[in-house]
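Below: one structure, written as structure tokens.
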Amino acid sequence: MSRDEIKEAVLRALTDVAPEADPVTLRPDVELRDQLDIDSMDSLNFVIGIHEQVGVDIPEAEWARLQTLDQVVDYVAERMAA
Amino acid sequence: MADFVMPALGADMSVGTLMQWLKQPGETVKKGDIVAVVHTDKADVEIEVFTSGVLEELLVEPGTEVPIGTVLARIRENGAPAVAAPPPGPAPGEPQPHLLISPSARHLSEELGIDPSSIAGSGPGGRIQRKDVEAAAAAREAAAPPHPAEPALAAPAEPAPPAPATPPSPAAAPPPPSAAEERNVAMRRAIAAAMSRSKREIPHFYLGQTIDMSAAIAWLSQENLHRPVTERLLHGVLFLKAVALALREVPELNAVWQGDELVTREDVNVGVAISLRRGGLVAPAIHRTDELSLDELMHAFRDLVSRARSWSLRSSEMTDPTITVTSLGERGVESVFGVIFPPQVAIVGFGMLVERPWISEGQLLPCPVVSASLSADHRVTDGHRASAFLAAIDRLLQEPDQL
């Protein structure tokens with residue numbers, strides 16, 4: 001998968017959780033929680049959605065440091081390349 | 001013959017609008033079946049029946065607003081003789097009297113501005129479901145004309161005529177509120193009524209306790225390490241279970257205030273405060289919270305949050321809470337001082353998990369802690385019993401594997 005395809009998959013998982021999220025205006029370098037008002041249940045559903053979209057299981061300990069869209073996409077790309 | 005009445009789905013609900021019938025006269029219903037959808041200021045709620053039998057007669061037309069307690073339908077209980085043949089359904093060719101549509105689908109269609117009558121339902125009996133609305137939205141998007149292309153570089157053959165001068169409009173009227181905005185206003189009104197009543201009638205008192213969460217967090221981290229992502233637990237589930245078990249020890253807090261007296265409840269149905277996107281709040285119950293394993297509770301919690309945010313709650317979830325738990329730590333709040341949701345008599349609040357210096361067995365250590373609070377009704381209990389309740393929550397959270 002290319003980085004763009006991974007980003008698309010991550011955005012699909014995100015908009016399933018937060019339907020009001022607009023991929024066009026979403027800033028990739030700003031914390032998702034601040035932009036979308038997501039809580040811990042949304043976060044868990046986002047992680048589950050990423051798993052369903054690309055098969056990558058993000059451990060709880062890693063998730064805490066993935067705050068922005070760019071960070072999530074980079075992490076998933078890294079895991080898929082490994 | 002049993003009456004099926006408009007239920008009271010909230011502290012200050014006095015009327016509700018019957019939106020649609022999901023069963024027709026002559027159909028068999030059993031206890032727990034969803035038979036109708038009712039619109040209140042806070043939500044569209046799927047209404048369950050509490051009698052098994054045959055739906056004999058529908059007495060209220062969809063779209064009608066009626067006071068709580070109004071008989072909506074009659075149910076012939078199992079074993080009872082039939083008293084009349086069910087009224088015939090609409091003749092072929094007659095328009096259906098109402099749309100079969102789930103609350104979630106109705107809400108989404110309003111949000112997206114799609115006329116639900118134009119959507120083919122794929123659910124039982126042609127009921128329109130959320131996925132049908134999503135499909136209709138996708139079809140509309142696909143059929144929409146493409147975005148205008150970049151303006152052509154070539155100049156038009158003739159200059160366009162100047163636009164006619166329009167007189168300045170005198171104070172243009174604001175656009176009418178959208179369905180979502182109207183819902184938010186109605187919900188705010190319902191919350192205002194319930195909270196005003198609470199503060200007016202209930203003599204609140206407040207207690208707080210800081211709880212060492214190191215055992216709970218260590219256990220949870222280990223537990224989640226071995227679980228697939230779909231089975232992970234959130235620490236909020238530990239709070240819910242600890243509160244539910246603590247209520248067994250202080251049962252007067254698992255209760256409602258009716259008329260002038262305390263009515264304790266047998267079942268522990270913890271209400272969970274769930275914030276809705278774009279504002280608003282509901283606090284539906286997880287039934288028999290104390291009897292659920294942590295896995296079952298997590299499943300129920302996820303399901304409840306998902307349905308609350310897609311406007312698909314059930315009537316019993318709105319009417320049955322015996323206490324409410326609110327967690328506001330997500331955005332950094334350390335302490336919560338809750339307002340009791342009447343007719344309940346207590347609300348438990350949890351703040352953010354924070355690391356604090358903590359003295360344990362003579363040693364100063366960094367320790368994850370949470371501030372737990374209790375707002376309780378002084379008519380039914382006192383500080384001593386209430387503090388025993390918070391102490392029980394603390395004690396239970398020290399042995400998370402026993403929850």
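The values are calculated or read from the model by the stated rules, or taken from the named source; none is laboratory data. No experiment lies behind these values; they were computed from the predicted model shown. Every residue, glycine among them, receives a Cβ derived from its backbone with ideal geometry; neighbour counts consider all protein chains shown. SASA here: full protein model, heavy atoms, side chains in, ligands and nucleic acids out. Shrake-Rupley method; radii C 1.70, N 1.55, O 1.52, S 1.80 Å.
Here is how the numbers come out for the structure above:
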| read-out | value |
| --- | --- |
| Under-5 Å amide H pairs with residue B:50, H placed in peptide plane, nonlocal only | B:32 |
| D_trans [Stokes-Einstein, Kirkwood Rh over alpha-carbon pairs] for the protein assembly as shown, 10 °C, 1.306 mPa s, µm² s⁻¹ | 62 µm²/s |
| Accessible area expressed per residue, the protein assembly as shown, with surrounding protein chains retained (probe 1.4 Å, Å²) | 52 Å² |
| For chain B: relative contact order, % (alpha-carbon pairs under 8 angstrom, 6 or more apart) | 17 percent |
| Helix-only mean residue ellipticity at 222 nm for chain B, each DSSP H run of n ≥ 4 adding -39500 (n - 2.57), per residue, nearest 500 | -9000 deg cm²/dmol |
| Once exposed loop chymotrypsin sites (Phe, Trp or Tyr not before Pro) are cut out (DSSP; at most 14 other Cβ, 10 Å), longest piece of chain B | B:51-336 |
| Per-pair calculated FRET efficiency, R0 = 30 Å: residue A:79 and residue B:230 via Cβ, rounded to 0.05 | 0.95 |
| Chain B - percent of accessible surface contributed by carbon and sulfur, probe 1.4 Å | 56 percent |
| Percentage, to the nearest whole number, of Cα pairs in the range B:254-403 over 26 Å apart | 30 percent |
| Within the protein assembly as shown: Cβ-based charge dipole about Cα centre, in debye rounded to nearest 20 (Lys, Arg +1; Asp, Glu -1) | 680 debye |
| Area of residue A:37 that stays accessible when all protein chains are in place (1.4 Å probe, Å², to 10) | 100 Å² |
| Shape category assigned to the range B:309-397 from the gyration tensor of Cα positions, a/c cut at 1.5 | oblate |
| When the convex hull of its Cα atoms is projected in every direction, mean area for the range B:196-283 (nm²) | 8.9 nm² |
| GluC sites (Glu not before Pro) within the range B:212-286, DSSP loop, no more than 13 other Cβ atoms inside 10 Å | B:266 |
| Added length on full extension, which subtracts the Cα-Cα distance from 0.36 nm per residue, residue B:363 to residue B:384 | 4.6 nm |
| About the Cα centre, charge dipole magnitude for chain A (Lys/Arg +1, Asp/Glu -1 at Cβ), debye | 180 debye |
| Within the range B:207-273: Cβ-based charge dipole about Cα centre, in debye rounded to nearest 20 (Lys, Arg +1; Asp, Glu -1) | 380 debye |
| Average projection area in nm² (convex hull over Cα atoms of the range B:186-345, one quarter of hull surface) | 10.5 nm² |
| Residue B:393 - accessible surface, heavy atoms, 1.4 Å probe, Å² rounded to 10 | 0 Å² |
| Partner chain coverage, peptide A:43-50 - average Cβ within 10 angstrom | 3 |
| Positive-end extreme of charge dipole, the range B:207-256 - chosen from B:256, B:224, B:211 (charges on Cβ) | B:224 |
| Prolate/oblate/rounded call for chain B, Cα gyration tensor, a/c under 1.5 rounded | oblate |
| Gyration tensor verdict on the range A:1-67 (Cα atoms; rounded if a/c is under 1.5, prolate if a/b is larger than b/c, oblate otherwise) | rounded |
| Estimated buried accessible area (total), pair B and A, 1.4 Å, Å² to nearest 100 | 1700 Å² |
| Residue-level accessible surface for residue B:324, protein heavy atoms, 1.4 Å, Å² | 10 Å² |
| GluC sites (Glu not before Pro) within chain A: DSSP coil, no more than 16 neighbouring Cβ in 10 Å | A:20 |
